[in-house]
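As structure tokens, the structure follows; a few thoughts come after it.
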Amino acid sequence: MLSKTVTASFASAIHGLTGSNLTDAVIQRSKRMILDTIGVGLIGTTTDVFHKVLQYSKMYTTDSSSTVWGQPHLQFPPVYASFVNGVAIHSMDFDDTWHPATHPSGAVLPPLIAISETVLKHQKPSGLDLLLAFNVGIEVQGRLMRFSHEASNIPKRFHPPAVVGTMGSAAATSKLLCLDPSQCREALAIAASYSGAPLANAATQTKPLHIGNASRNGLEAAYLSFLGIKGNKQILDLESGFGAFYNDYDPQPLPELHNYTWLLEKQDVAFKRFPAHLGMHWIADAALAVRKHIVENGDLLPVNRIDKIILRVPCAKYVNRPFPVSEHEARHSFQFNACTALLDGAVSVDSFNDHNISRSDLKELQGKIQLEHPSDNKPNFESMYCEVSVTLKNGATFTERCDTFYGHWRKPLSKEDLVKKFTANASTVLLRDGVEGIVENVNKLEDLTDCSVLTAFLKMRNQNKKYNEIISS
């Protein structure tokens with residue numbers, strides 16, 4: 001038995017939780033997360049950053065290889081399949097977001113699918129095994145973030161998926177690999193030394209690497225633990241351990257397993273309707289509401305009649321970008337997303353292409369913006385709001401505020417809309433049979449006898465000319 005340190009309590013939970021601990025609410029919520037994550041990962045394979053890491057990872061080969069999503073003729077070692085698929089998931093900032101703030105699924109799902117296909121192919125883990133390991137990885141992230149009040153707010157120093165995501169990946173893969181409690185503890189210690197990435201690389205092509213690295217580093221930590229690598233046995237207890245990432249770290253042991261309550265049951269996740277930082281969904285919804293006061297159905301926004309635009313938003317420097325020049329900067333710009341919503345009546349995947357970013361009428365609108373940071377508007381995804389106020393040159397002013405956007409955990413996407421999002425994303429890469437096969441099998445995941453069946457559908461690439469041009473350019 002492990003001594004009851006905080007670290008030991010985590011290791012015991014990772015090892016000891018079983019499928020019987022999963023509730024129906026947790027199963028249903030996590031299946032939504034898995035479906036959405038696969039979808040955003042598939043559309044992410046069309047991006048420039050994915051293509052670059054794909055070229056890099058082609059250097060690595062092994063007899064044990066895992067599927068690169070949407071690439072039927074490419075297979076990499078499990079750690080590099082986890083890496084490139086993780087990068088794809090976050091390449092558009094389209095993946096789910098939790099509270100306290102992190103992107104929980106992208107660091108966990110790729111390594112689980114990779115090892116279910118290769119390392120564990122003869123054991124054939126079931127869909128319920130996958131769901132349990134996935135939820136263990138999500139749970140570890142949520143528990144670690146709750147050891148810090150600082151973690152509840154939009155981050156300032158470290159990008160959370162590179163911190164807690166690495167730990168979640170290690171926990172999830174340790175579970176699916178059936179490591180014993182001591183090995184689970186060592187995997188957490190090793191993973192802590194792989195954790196951390198500065199927030200300064202937000203809004204660049206490096207940010208998606210944070211998810212890719214969390215995916216592969218957690219898996220590597222579990223592998224190394226299995227092979228006997230040792231680390232600090234109190235890594236989660238110490239300020240010089242995992243506490244190094246937070247100024248107010250206060251770790252607590254996990255609850256006993258006989259009556260375990262999952263954080264996912266208490267706190268759902270947010271699913272994005274367009275590929276941008278979560279805060280952009282508040283500002284877009286507020287701007288769309290204002291637009292209805294100014295524009296008749298089908299008419300264009302009268303840009304020359306607008307005098308000024310005031311955005312009342314939380315103070316978060318890395319999403320204050322008046323004139324973004326790249327798709328990644330645009331995804332992290334209150335100004336860009338507000339003006340796009342006003343100008344086009346929508347924010348979509350296409351909003352972030354170079355042509356739309358450089359439009360003269362959009363830049364004219366951006367030049368009319370003033371930012372205000374009300375004292376009651378904290379940079380916190382649970383309590384923040386965004387307000388848009390547009391004043392016309394005739395003096396008329398229209399103001400709308402969004403407290404909860406559609407897709408937030410307080411206002412979740414319907415099952416129909418979640419499937420529509422997945423279908424739109426996955427159809428950019430897969431044949432219809434692949435898209436429908438993933439939906440059908442994720443829907444009944446807890447009943448599958450072999451979870452690796454998902455990889456067969458992930459290989460059903462659509463061979464249309466446009467897609468081939470994208471990935472070969």
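The values are calculated or read from the model by the stated rules, or taken from the named source; none is laboratory data. What you are looking at is a predicted structure, and each value in this text was computed from that prediction instead of being measured. Glycine gets a Cβ as well: all are built from the backbone with ideal geometry, and neighbour counts include every protein chain shown. Each accessible area value is taken on the protein alone, full model and side chains, heavy atoms only, with ligands, DNA and RNA left out. Shrake-Rupley method; radii C 1.70, N 1.55, O 1.52, S 1.80 Å.
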Inset, instruction - Hey, can you grab everything whose amide H is under 5 Å from the amide H of LYS308? Only 5+ residues off in sequence or another chain; H modelled, so Pro and N-termini drop out. - result: THR391
Legend entry - Under the Karplus curve 6.51 cos²θ - 1.76 cosθ + 1.60, θ = phi - 60°, whole-Hz ³J(HN,Hα) for the range 442-454, x wherever Gly or Pro sits: 5, 4, 10, 4, 5, 9, 6, 7, 9, 6, 5, 4, 4
Inset, instruction - Assuming a ≥ b ≥ c are the square roots of the Cα gyration tensor eigenvalues, decide whether the range 144-204 counts as rounded (a/c under 1.5), prolate (otherwise, with a/b larger than b/c) or oblate. - result: prolate
Inset, instruction - Express the accessible area of the chain per residue in Å², computed with a 1.4 Å probe while the remaining protein chains stay in the model. - result: 38 Å²
Legend entry - Alpha carbon convex hull of the range 180-317, projected area averaged over orientations, nm²: 13.6 nm²
Inset, instruction - Only loop residues by DSSP count here, and only those with at most 16 other Cβ atoms within 10 Å; note down the trypsin sites (Lys or Arg not before Pro) in the range 379-424 that meet that. - result: LYS393, ARG410
Legend entry - Compactness of the chain - radius of gyration and Dmax, Cα, Å: 22.1, 75
Legend entry - DSSP bridge pairs, the chain: antiparallel proportion in percent, nearest 5: 85 percent
Inset, instruction - Work out the P(r) tail for the range 236-286: percent of alpha carbon pairs separated by more than 16 Å, whole number. - result: 67 percent
Inset, instruction - Give the share of C-alpha pairs in each 5 angstrom bin for the range 1-76, from 0 to the last occupied bin, in whole percents, shortest bins first. - result: 3, 11, 13, 13, 11, 12, 15, 14, 5, 1
Inset, instruction - At 4 °C and 1.567 mPa s, grab the translational diffusion coefficient of the range 114-165 from Stokes-Einstein with a Kirkwood Rh over Cα pairs, rounded to a whole number in µm² per second. - result: 99 µm²/s
Legend entry - Carbon plus sulfur fraction of accessible area for the chain, probe 1.4 Å, in percent: 50 percent
Inset, instruction - Averaging sequence separations of C-alpha pairs under 8 Å and six or more residues apart, then dividing by the length of the chain, give the relative contact order as a whole percent. - result: 21 percent
Legend entry - Per-selection metrics, the range 239-388 (Cα): Rg and Dmax in Å: 19.2, 65
Legend entry - Karplus-derived HN-Hα couplings along the range 155-163 (A = 6.51, B = -1.76, C = 1.60, θ = phi - 60°), whole Hz, x at Gly and Pro: x, 10, 10, 10, 7, x, x, 7, 9
Inset, instruction - Compute the acute angle (0 to 90°) between the alpha-carbon long axis of helix 127-145 and the principal axis of greatest extent of the alpha-carbon atoms of the chain; round to the nearest 10°. - result: 70 degrees
Inset, instruction - Among PHE245, PHE76, PRO322, pick out the residue whose Cα is farthest towards the positive end of the charge dipole of the chain, where Lys and Arg carry +1 and Asp and Glu carry -1 on C-beta, about the Cα centre. - result: PRO322
Inset, instruction - Pick out, from GLN366, HIS99, LEU227, the residue whose Cα sits farthest towards the positive end of the charge dipole of the chain, with +1 on the Cβ of Lys and Arg and -1 on the Cβ of Asp and Glu. - result: GLN366
Inset, instruction - State to the nearest 20 debye the size of the charge dipole of the chain about its Cα centre, where the only charges are +1 on K and R beta carbons and -1 on D and E beta carbons. - result: 520 debye
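Just check the range 327-400 against the gyration tensor rule for me: Cα atoms, a ≥ b ≥ c as the square roots of the eigenvalues, rounded for a/c under 1.5, and otherwise prolate or oblate depending on whether a/b exceeds b/c.
Here the range 327-400 falls in the oblate category.
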Legend entry - Nearest-ten-degree value, helix 207-226 long axis tilted from longest Cα axis of the chain: 10 degrees
Legend entry - log10 of Debye I(q)/I(0), alpha-carbon scatterers only, for the range 332-473 at 0.18 Å⁻¹: -1.15
Inset, instruction - Of the listed pairs LYS411/LYS459; LYS58/LYS124; LYS156/LYS415; LYS31/LYS272; LYS421/LYS459; LYS207/LYS272, which have alpha-carbon separations greater than 24 Å here? - result: LYS411/LYS459; LYS58/LYS124; LYS156/LYS415
Inset, instruction - Could you tell me how many degrees, from 0 to 90 and to the nearest 10, lie between the Cα long axis of helix 6-16 and the main elongation axis, the longest principal axis, of the Cα atoms of the chain? - result: 80 degrees
